[in-house]
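Read the structure below first, then the notes.
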Amino acid sequence: MKLAPPAEAPPVPSTDIAGNPVVIGNGLRRTLLCFFRDAYCPFCNYRIYELTARHAELSALGLNIVAVFSSSPDAVRRFVARHPRPFAVVADTAPATFEAYGIEKSFWRKLKGIVARLPTALKGLRIVGLRGLNTSNLMPADFLVNEHGRIVEAYYGTDAGDRISLERVREFAERGALRQKAIIQHIAATTIAR
């Protein structure tokens, strides 16, 4: 079943592939939670490339990025060893997490994405090679989760390459940064008034 705001974000596996804890809704930072097919998916690899390129900017705005792959830990470790990532990458082959977030499967929507987004598919295939042609039928999904663990936006891809726009992600992060700044100013003003 698909999730909708303001649902609480279900927990994800508690550690990333480097053994670091993965915490969503820690009271401090907002999170972009992304679900991906597998480590060889061309669309997934291209999106990871985009997130890596924008990571410094988004992180400076107080945004964490968590990428959850439906791949074995070994496959994800090999992927990250070739292309290290500055954000949490989780390997989760248990379907429970994907089911909890309502991640859908569709062979036809996968084919639609390949046809409709051929230039992006080709860019991704340059990264992963021909193994990228044999991926699962999971559809992509992105969740913007606030600092309290509540889903602000749930974006379910309509095809294999459909993701939330990075502009919307940036706006979400900016709103969080402004909110944090206002809270800090309020605390400072209250402390000075005493």
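Sort D92, D16 so that the residue with the fewest other Cβ atoms within 10 Å of its own Cβ comes first and the one with the most comes last.
Details: D92 18, D16 22.
So the ranking, lowest neighbour count to highest, is D92, D16.
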* Structure fact -> Longest principal axis of the chain (C-alpha) makes with the long axis of helix 118-128 (C-alpha) an angle, in degrees to the nearest 10, of 90 degrees
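If Lys and Arg each add +1 and Asp and Glu each add -1, what is the summed charge of the other residues whose beta carbon sits under 12 Å from the beta carbon of L61? Show your work: numbers first, answer last.
Values: positive: R29, R30, R54, R170, R175, R179, K181; negative: E57, E171, E174.
Here the charged neighbours net out to +4.
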* To do: Can you work out the PRE-style zone for S59? Point 7 Å along Cα to Cβ, and I want the residues of the range 1-36 with backbone N under 18 Å.
  => 16-26, 28-34
* Pick the calculated Kirkwood radius over Cα pairs in Å for this structure from (i) 17.2; (ii) 16.7; (iii) 19.2? -> (i)
* Asked: So, in nm, how far is label L28 from label S14 when the simple model puts each one 7 Å beyond its Cα toward the Cβ?
  -> 1.9 nm
* **Summed residue charge, Cβ within 11 Å of E50's Cβ, Lys/Arg positive, Asp/Glu negative** => +4
* **Within straight-line cross-link reach of K123, aspartates and glutamates at Cα separation under 13 Å, skipping those fewer than 8 residues along the same chain** => E50
* Taking the chain as a whole, which cysteines find no other cysteine Cβ under 4.7 angstrom from their Cβ? -> C34
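Counting only other residues whose beta carbon sits under 12 Å from that of A4, what net charge do I get with K and R as +1, D and E as -1? All intermediate terms of the calculation are to be shown ahead of the outcome.
Details: positive: K2, R150; negative: E8, E153.
Neighbourhood net charge equals 0.
Between R170 and T93, what FRET efficiency follows from the Cβ-Cβ distance if R0 is 45 Å, with the result rounded to 0.05? Please list the in-between numbers first.
Details: r = 31 Å, r/R0 = 0.70.
E(calc), rounded to 0.05, equals 0.90.
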* Structure fact -> In degrees rounded to 10, the 0-90 angle between helix 107-116 Cα long axis and the longest Cα principal axis of the chain is 90 degrees
* Using a Förster distance of 45 angstrom, determine the FRET efficiency expected from the C-beta separation of L118 and I187, and round it to 0.05. => 0.30
* Structure fact -> Looking only at aspartates and glutamates whose Cα falls under 16 Å of K110's and that sit 8 or more positions away or on another chain, we get D38, D159, D162
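We did not get these values from a lab; they are worked out from the coordinates using the rules stated. Bear in mind that the values here come from a model prediction, so they are computed numbers and not experimental data. Cβ atoms come from the backbone with ideal geometry, glycine included; neighbour counts cover every protein chain shown.
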